[in-house]
Amino acid sequence: MSPLYNLPEETLIALLKGKDQRAFNYLYDNYSGALYGVILRIVISPKFAEEVIQDVFVKIWTNFSSFDAEKARIYTWMLSIARNAALDYRKLKSVKTELQNQPLPDSVSTIEEQYYTQSDQVERMDLIGVKNVLNILKPELRILIDMAYYEGHTQQEISEILNIPLGTVKTRTRTAFLQLKSQLKDHR
């Protein structure tokens, strides 16, 4: 069974719906690095991130029949699964206890420097354009997306942490999502 290369998304979807193992390997090879980075930002621990990424790909494989190309792109769908799995994992009592006993990194860039040393993973994430799209946002908008999407904070928690009114958090979050939506339409 020979590996697959440079598949158009439509072909990949058809193969995955037919449970083609080569398509799954292609999916893992091309997206696991980016998904791992998102998971790691949420669960912080590489050990936990490795557990979650495995669970995520099992969910993707077993639930691919529910994927609807009319509603989302493959990466967006997988990102949602990864984010939700990481947030659920972080909520587990045993995980919370262990995370509280670990020192937190000083910044997201520290995490990226530690775990994205392989240039191919960084290039894959950059090909997807996640960093570039988020970088178009002003820092006061980007932090809201980071806190809400990658760290799992509610808008109320963000308001309290940043010491800004809840209404401001809601307005800025909406502005950020509108800017991201516009930017992503341009990249399609």
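General observations
- With 21 Å as the limit on Cα-Cα distance, the pairs of Lys59/Lys181; Lys138/Lys185; Lys19/Lys47; Lys19/Lys91 that go past it are Lys59/Lys181; Lys19/Lys47; Lys19/Lys91.
- Once the Cβ-Cβ distance of Ser65 and Lys91 is raised to the sixth power relative to R0 = 22 Å, the FRET efficiency obtained is 0.20.
- Peptides 28-38, 136-146 ranked from most to least packed by the mean count of surrounding Cβ atoms within 10 Å: 28-38, 136-146.
- Taken along the Cα-to-beta-carbon direction at a fixed 7 Å, the label points for Lys185 and Asn84 span 2.6 nm.
- On the beta carbon distance between Ile161 and Tyr28, with R0 = 45 Å, the FRET formula returns roughly 0.80.
- A 1.4 Å probe run over the protein chains yields, for segment 1-59, 48 Å² of accessible area per residue, whole-number rounding.
- Length released on extending from Lys138 to Thr168, taking residue separation times 0.36 nm less the Cα-Cα span: 9.3 nm
- Computed over segment 1-60, Cα set: Rg, Dmax in Å: 12.9, 37
The values are calculated or read from the model by the stated rules, or taken from the named source; none is laboratory data. Quick caveat: nothing in here was measured; it's all calculated off a predicted structure. As a convention, Cβ positions derive from the backbone with ideal geometry for all residues, glycine included, and neighbour counts pool all protein chains shown. These area figures cover heavy atoms from the full protein model, side chains too; ligands, DNA and RNA do not enter into them. Shrake-Rupley method; radii C 1.70, N 1.55, O 1.52, S 1.80 Å.
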